[in-house]
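Enquirer: Would you mind keeping the following structure in view while I ask a few things?
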Amino acid sequence: MVTRSDLAATLAQRSRLTPTCYSVRFAFDAAIPTAVPGQFVMLRPEQGDRPFWGRAYSIAGTGASDTQPTMELMIKTVGPGTALWEQLPLGTRARIVGPLGVGFPCLPAPRSVALVAGGIGLPPLLFAAHRLAGTDARCDLYLGAATAAELIEPQRCRAAAEATGGQLFPVTDDGTAGEAGLVTEALQHRLAEGRRYTAIWACGPMPMLRAATQVGERWDVPVHVALEERMACGVGVCLGCIIPTSDGAHIRTCSEGPVVDGSLIDWETAC
Amino acid sequence: MVTRSDLAATLAQRSRLTPTCYSVRFAFDAAIPTAVPGQFVMLRPEQGDRPFWGRAYSIAGTGASDTQPTMELMIKTVGPGTALWEQLPLGTRARIVGPLGVGFPCLPAPRSVALVAGGIGLPPLLFAAHRLAGTDARCDLYLGAATAAELIEPQRCRAAAEATGGQLFPVTDDGTAGEAGLVTEALQHRLAEGRRYTAIWACGPMPMLRAATQVGERWDVPVHVALEERMACGVGVCLGCIIPTSDGAHIRTCSEGPVVDGSLIDWETAC
Amino acid sequence: MLTPDLHVNVGSLRLANPVIAASGTFGYGLDLDDFCPPEKLGGVVTKGLSPRPREGAPMPRIAETPSGMLNAIGLENIGVDVFCRDKLPALRERRAVVIVNVFGESAADYVRVIEHCESEAGIAGYELNVSCPNVSAGGIQFGHDPRTLEELTARCRVVTARPLWVKLSPNAPDLVGTARAAAAGGADAVSLVNTILGMAIDPLRRLPELARTFGGLSGPAILPIALRMVYEVHLALPELPVVGLGGIESGLDVVRFLLAGATAVQVGTATFRRPGVMLEILAELAAYCRDQGVERVATLTGALEARDA
Amino acid sequence: MLTPDLHVNVGSLRLANPVIAASGTFGYGLDLDDFCPPEKLGGVVTKGLSPRPREGAPMPRIAETPSGMLNAIGLENIGVDVFCRDKLPALRERRAVVIVNVFGESAADYVRVIEHCESEAGIAGYELNVSCPNVSAGGIQFGHDPRTLEELTARCRVVTARPLWVKLSPNAPDLVGTARAAAAGGADAVSLVNTILGMAIDPLRRLPELARTFGGLSGPAILPIALRMVYEVHLALPELPVVGLGGIESGLDVVRFLLAGATAVQVGTATFRRPGVMLEILAELAAYCRDQGVERVATLTGALEARDA
Ligand SMILES: Cc1cc2nc3c(=O)[nH]c(=O)nc-3n(C[C@H](O)[C@H](O)[C@H](O)COP(=O)(O)OP(=O)(O)OC[C@H]3O[C@@H](n4cnc5c(N)ncnc54)[C@H](O)[C@@H]3O)c2cc1C
Ligand SMILES: Cc1cc2nc3c(=O)[nH]c(=O)nc-3n(C[C@H](O)[C@H](O)[C@H](O)COP(=O)(O)OP(=O)(O)OC[C@H]3O[C@@H](n4cnc5c(N)ncnc54)[C@H](O)[C@@H]3O)c2cc1C
Ligand SMILES: Cc1cc2nc3c(=O)[nH]c(=O)nc-3n(C[C@H](O)[C@H](O)[C@H](O)COP(=O)(O)O)c2cc1C
Ligand SMILES: Cc1cc2nc3c(=O)[nH]c(=O)nc-3n(C[C@H](O)[C@H](O)[C@H](O)COP(=O)(O)O)c2cc1C
Ligand code: FES
Ligand code: FES
């Protein structure tokens, strides 16, 4: 049986990551079920119904402060729902439903994995690097952003990759930090240089996920992508979050995903 | 021209007054227009629309902390709107429309005034006592509550009354503190004992306001009461807050009131 | 880009901007002068005026609902005489665009209000509130039966050359039919929507929250319904100017109604929560135009793109 | 006071409590088992089932609105065969009260779904969703024309002895007329309301937010409208059991619908925000009964007091 829950929590910490992104840590009133990297939560303030739906956020990590379990989320401000937690004071009460959906295939741990993060796609991959640090897996983290200032926590990412014996590859579209170009191009370069992976895990904008899937196909490495789609319920019952699959059917992003084998997606229609 | 405004403020302080009442202090982003005791504000959280309307609260006092103007409100929890500010963390942003309505006739200051407060009716009268402290007015404060624990800040009330050369008369329905009985009965006793007032100002439940008006009539003292009615706008345009007057017409509580000459009200219909 | 041109023409009536204060939520035009001077708006619609003053409904008259409210004010008003004597002169002096909201219990009542106003300068037009029961027709609302509505509109049409708007009821069985009837009767525009019939119950006292049991629902809760109705009427009758309203509380909401087909909009309940909201809405609308490169706000009317799907 | 008796009878159908999961918001009954086991509820209504599986509408299918949402899912479903084969056995084992929500593009479609279900044990009744366009009647909704609705109901009535509910559309021009038609056709109860037709617009992209342009509005925003409709139908047809829904999200909301005349209620959109909400609602309902001295929840139906005014 699935274990998901709807829990009360308190906004306990907040810090700025980049000009458009910030990190929040919630402290829960009660124990939270164990989460797999790639799983997400639906977050909403306890008070009021503007916005009406919860908002989906990938779990960036879990921990504990004092006796309370905590969860970190990383949020990019794009609209009213994402702006909320930047404005509400610490101490604001929230409801968090989760962990939800299918995460990355962490068990058994892949031998060597390329974690490919586009912008705010980082959180599930950072969580994955932390989770895999206890295993034999080596994780290279490809951290992409439009520009240097938008690279999310490069030091922390480097430490997380290096803890697994892997490396951080920062990439910016405009070349202001790390390699210039797209994050999937950097992955392609490393593969062309002879670096080998047994798995590619990606999270970011749809076109980037498609590109990652194509790179995997070229080098015959299985690719798992974490999808995003507008969600009302996050728990599989509204049928609002579907994404077309290559067999002409579709999946619910929240339940069959968000992490799926990239080769199953009908990228032409989905992008 | 009336000067009312719609201002942003921050919840800066909160303290418990009684088991059912608490006090909040808001710090404003900008200067607030001068308020007359008896005037009120419409308060709502900046975020969301549950509850949909602002809630009316009498101004309990104004001041300044650092460079910001502040306002104190005293709130009794009776439903979702009044419960809100007990739960939201300090730092929560609010919108405050005010000062609104007609206050007590402070100018010219009455020579000797009986301030009659029933329960959460205290705030405008405490504000009045503070305002009149600079004048020749002597204020006796009749502070009523159901029971000792529900008497709101008796020490502070005593100090406020004594600063005007007046006295505090605590009264409880069950006699657990001060005199036993209704607060208007205490007023009646003092008058019967020979104490004299040039004005009676009252705030509290409707039946208490009616009783205060009757006491005033008996002793030929003009009575002003601060009325309460459910309000959508607080600024005179929804016509939702009317109270019948003895001439068969009605007034808008928010605009012709909340403070009115008690003899103008059709108490039979209004109670 | 220069400041965008916000003016719109509702039929022959030119408004400096498309944001109008809705009837019953802005008093008689100057009640909120300290928050929102009427001359800054595209126009102001008065509280509904009847031939004689009315006391209105018993209390309670209002109830709160999720993202909205119910009201049953019962059309309390000071009457057209007192309005013209006590309120209109100041509005005229301020050069506010005043639209008189008219209602009555019979067609003769409507005509009487308009005729009284005709002798006054400074009235830009009329809006017929047809959501009240037609007493002579046995209590059926003027706005529900297309034939009755066309007749009423025609009778008002002959007594004035000023712009005549009909404010449609969203509760009518056949919305497009009533819009067509208003146009056939000679209306220059239709306003939609008036409030949607609703009800609230106090579960503890087991009583309706309103003395009149039913009330009209307004506020953001009804916006998606109002928007759909504006779109439907505009689609069916593209030549008929529509003044859109229902739940508007931001500049983007105004744009939504314009795109759906409205020529101008009204703002009602939002004023209760923020008495100066219409000035903020105007600023947001101008900012939208600047950001999106819209030179003339009038070009937004009906400019919704079609979905490929 | 002992624990209150929460059971209700909707016609001949006895439910352990009046809280039923609404169609389209609870999957096929076990999707939210970890939050809300179906056997704890008065009943569960399945997602609407058609004779064959359906792909549903293109994306985007959902949009957020103030205190509500729009959906145009396009009746995606797994089809009645797959439901009976893959979903029903587990529900039967759990002794959940299963109500199959039925729809089709023709009367024959409805009959086909019911006939298929008739051979299965563990189905407590049917609910006809008549808010979809009747293809054989040129796209007019089954639920809008009383005559068509009565016919449809009657055709379904003859193929089953199980409880038959008709879920009315709040968009119908004549609500009471459709309720009467459902009763005349042999319905045991009516459910109301389904979603209200609405629309949302993205002002930046100048596009409808939904691929299908229009969608159905649900959630607390519509509660005052739904409550009024339940009251109206109950007043007009006091003998016809009404299952009330629309925006319910608390135990007090349930009481409101019961007082207005509902015999049972359904909870839809609230489940999206809090997947376990129906268990909380049941607890709140029991607490209300205890606090108010209500021994049997069934006594609340229609027990609204009249306002003196
Ligand atoms: C499984 C999952 C995990 C996610 N993880 C994160 C995360 O860790 N950090 C983070 O910042 N964001 C994450 N998102 C995206 C986040 O949910 C959206 O940015 C958010 O819902 C937007 O809400 P808003 O009110 O700010 O903007 P809105 O006004 O709702 O939308 C602004 C823009 O974003 C688009 N949008 C809306 N919802 C989504 C969505 N669910 N996914 C993608 N685009 C959307 C809209 O179409 C619109 O163009 C995740 C989404 C999903 C589905
Ligand atoms: C001019 C004015 C000044 C006020 N000053 C204060 C104050 O200083 N401190 C304070 O605690 N309260 C004050 N009130 C009362 C306060 O506004 C209400 O208690 C509040 O609106 C209730 O909101 P709620 O959501 O908690 O309860 P609701 O669920 O809205 O109502 C709970 C109960 O209170 C009743 N009620 C609702 N609104 C009002 C109202 N405006 N007045 C009286 N009863 C109401 C309802 O009918 C219901 O029985 C004042 C009211 C007015 C009109
Ligand atoms: C308290 C109140 C009083 C109203 N009075 C009138 C009126 O007198 N005449 C009229 O045509 N509409 C009246 N209306 C309807 C509004 O003008 C408007 O059509 C409706 O509220 C929807 O818009 P909104 O959601 O922006 O408020 C009134 C609305 C409210 C809330
Ligand atoms: C996403 C979604 C899907 C729905 N699907 C169906 C359906 O298949 N059949 C049906 O009769 N009603 C369907 N409904 C309507 C609901 O059952 C219910 O009537 C409506 O949402 C109002 O109740 P609520 O406000 O509690 O959600 C659906 C509603 C939503 C939000
Ligand atoms: S978000 Fe509701 S089914 Fe996926
Ligand atoms: S509260 Fe709106 S007129 Fe008084």
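Enquirer: Sequence gap at least 6, Cα distance under 8 Å: using those rules, report the relative contact order of chain B to the nearest whole percent.
Expert: 17 percent
Enquirer: While we're looking at this one, here's another question. Taking a point 7 Å out from Cα toward Cβ as the label site, list the nm distances between A:Ser263 and the same residue in every other copy, smallest first.
Expert: Copy-to-copy label distances for A:Ser263: 9.4 nm.
Enquirer: Also, I was wondering about something else. Tell me, what ³J(HN,Hα) does each residue in the range B:194-209 have, in order and in whole Hz, if you take phi through Karplus 6.51 cos²θ - 1.76 cosθ + 1.60 with θ = phi - 60° and put x for Gly and Pro?
Expert: Calculated HN-Hα couplings, in order: x, 5, 10, 10, 9, 7, 10, 10, 9, 8, x, x, 3, x, 5, 5 Hz.
Enquirer: What are the label-to-label distances in nm, one decimal and shortest first, from D:Asp81 to the same spot in the other copies, with labels 7 Å along Cα to Cβ?
Expert: Taking the point 7 Å beyond Cα along Cα→Cβ, the inter-copy spacings are 7.9 nm.
Enquirer: Taking Cα centroids, how far is the range C:201-253 from the range D:260-309 in Å?
Expert: Cα centres, the range C:201-253 to the range D:260-309: 26 Å.
Enquirer: If each residue's Cβ is checked for other Cβ atoms within 10 Å, how do D:Thr301, A:Thr253, B:Thr3 rank with the fewest at the top?
Expert: Numbers: D:Thr301 21, A:Thr253 26, B:Thr3 9.
Lowest to highest Cβ neighbour count: B:Thr3, D:Thr301, A:Thr253.
Enquirer: Relative contact order (percent) for chain C, with alpha-carbon contacts under 8 angstrom and 6 or more residues of separation?
Expert: So the answer I get is 20 percent.
Enquirer: Run through the range D:15-113 and list the GluC sites (Glu not before Pro) located in a DSSP loop whose Cβ has at most 14 other Cβ atoms within 10 Å.
Expert: Loop-located and lightly packed - D:Glu55.
Enquirer: Which lysines, if any, have their Cα less than 17 Å from the Cα of D:Lys167, not counting same-chain residues under 8 positions apart?
Expert: The reachable lysines, counting only those whose Cα sits under 17 Å from D:Lys167, are D:Lys47.
Enquirer: Pick from D:Gly29, D:Gly198, D:Gly125: which is most flexible by mean-square fluctuation in a GNM of chain D where alpha carbon atoms under 10 Å apart are linked?
Expert: Answer for the Gaussian network model of chain D: D:Gly198.
Enquirer: So what's the gap between the Cα centers of the range B:192-255 and the range D:11-78, to the nearest angstrom?
Expert: First find each Cα centre; the distance between them is then 53 Å.
Enquirer: Continuing with this model, one more query. Across chain D, where is the longest run that never hits trypsin sites (Lys or Arg not before Pro) in a DSSP loop with at most 11 other C-beta atoms within 10 Å?
Expert: That would be D:96-204.
Enquirer: Using θ = phi - 60° and the Karplus relation 6.51 cos²θ - 1.76 cosθ + 1.60, list the HN-Hα couplings for the range A:74-87 in order, rounded to whole Hz, with x at every Gly or Pro.
Expert: Once rounded to whole Hz, the list reads 10, 10, 9, 6, 10, x, x, x, 6, 6, 3, 7, 7, 9.
Enquirer: Kindly write out, for the range B:223-239 in residue order, the coupling ³J(HN,Hα) from the Karplus curve 6.51 cos²θ - 1.76 cosθ + 1.60 (θ = phi - 60°), rounded to whole Hz, with x marking Gly and Pro.
Expert: Result, ordered by residue: 10, 10, 10, 9, 8, 10, 8, 4, 10, 8, 9, x, 10, x, 10, 9, 6 Hz.
Enquirer: Quote the FRET efficiency, to the nearest 0.05, computed for B:His189 versus B:Val78 with a Förster distance R0 of 25 Å and r equal to the Cβ-Cβ distance. Let's see the in-between values first.
Expert: Values: r = 30 Å, r/R0 = 1.20.
Rounded to the nearest 0.05, the efficiency is 0.25.
Enquirer: Would you calculate, for chain B, the mean residue ellipticity at 222 nm contributed by helices, counting each DSSP H stretch of 4 or more residues as -39,500 (n - 2.57) and dividing by all residues, to the nearest 500?
Expert: Working: 6 runs with 56 residues, N = 271.
It comes out at -6000 deg cm²/dmol, rounded to the nearest 500.
Enquirer: Could you pull out every residue, at least 5 positions away or on a different chain, whose amide H is within less than 5 Å of the one on C:Gly247? Hs are placed 1.01 Å off N in the peptide plane, and Pro or chain starts have none.
Expert: Placed amide hydrogens put C:Gly219, C:Gly268, C:Thr269 under 5 Å from C:Gly247.
Enquirer: So for the protein assembly as shown, considering every pair of alpha-carbon atoms, how many percent are separated by more than 50 Å?
Expert: Roughly 32 percent, once rounded to a whole number.
Enquirer: Under the rule of at least 5 residues apart or a separate chain, name every residue whose amide H is placed under 5 Å from the amide H of A:Arg138.
Expert: Residues meeting the amide H criterion: A:Ser112, A:Val113.
Enquirer: How many angstrom lie between the Cα centre of the range B:81-156 and the Cα centre of the range A:111-169?
Expert: Using only Cα atoms, the two centres lie 59 Å from each other.
Enquirer: In whole Å, what three semi-axes, largest first, describe the equivalent ellipsoid of chain B built from its Cα gyration tensor (square root of 5 times each eigenvalue)?
Expert: Computed over chain B, the values are 28, 21, 18 Å.
Enquirer: Restricting to the protein assembly as shown, what percent of DSSP beta bridges are antiparallel, rounded to 5?
Expert: 55 percent
Enquirer: Please compute, for the alpha-carbon atoms of the range C:8-300, the extent along each of the three principal axes and give them in descending order in Å.
Expert: 51, 49, 40 Å, listed from the longest principal axis down.
Enquirer: Picking from D:Leu282, D:Leu197, D:Leu70, which is most flexible by a Gaussian network model of chain D using Cα springs under 10 Å?
Expert: Comparing D:Leu282, D:Leu197, D:Leu70 in a Gaussian network model of chain D, the most mobile one is D:Leu197.
Enquirer: Separate question: Between copies, how far does the label point of A:Arg111 sit from its twins, in nm, shortest first, when each point is 7 Å from Cα along Cα→Cβ?
Expert: Spacings between copies for this position, smallest first, are 10.3 nm.
Enquirer: Same structure again: Sorted from largest to smallest, which semi-axis lengths in Å does the alpha carbon gyration tensor of the range A:49-188 give for its equivalent ellipsoid, taking the root of 5 times each eigenvalue?
Expert: 27, 21, 13
Enquirer: In terms of modelled amide H atoms, which long-range or inter-chain residues lie less than 5 Å from the amide H of A:Gln13?
Expert: Those qualifying (amide H under 5 Å, at least 5 residues apart or on another chain) are A:Arg25.
Enquirer: I want the antiparallel fraction of DSSP beta bridges within the range C:8-300, as a percent rounded to 5.
Expert: Of all bridge pairs located within the range C:8-300, approximately 45 percent are antiparallel.
Enquirer: Mind telling me which of C:Gln266, C:Gln292, C:Gln141 comes out most flexible in a GNM of chain C, alpha-carbon contacts under 10 Å?
Expert: Maximum fluctuation in the GNM of chain C, among the listed residues, is at C:Gln292.
Enquirer: Relative to the longest principal Cα axis of chain A, at what angle does helix A:183-192 sit, 0 to 90 degrees, rounded to 10?
Expert: With both axes taken from Cα atoms, the answer is about 30 degrees.
Enquirer: Please work out which residue of chain B brings its Cβ closest to the axis of the rotation superposing B onto A, and round that distance to whole Å.
Expert: B:Gly48, 2
Enquirer: Further, regarding this structure: How much net charge surrounds A:Leu43 when only the other residues with a Cβ under 9 Å from the Cβ of A:Leu43 are counted, with Lys and Arg +1 and Asp and Glu -1?
Expert: On the way: positive: A:Arg44, A:Arg55, A:Arg95; negative: none.
Neighbour charge sum, excluding A:Leu43 itself: +3.
Quick note: the coordinates plus some simple rules give every number you see, no bench work behind them. Bear in mind the structure is a predicted one, so any value in this text is a computation, not a measurement. Note: ideal-geometry Cβ built from the backbone for every residue, glycine included; neighbour counts use all protein chains shown.
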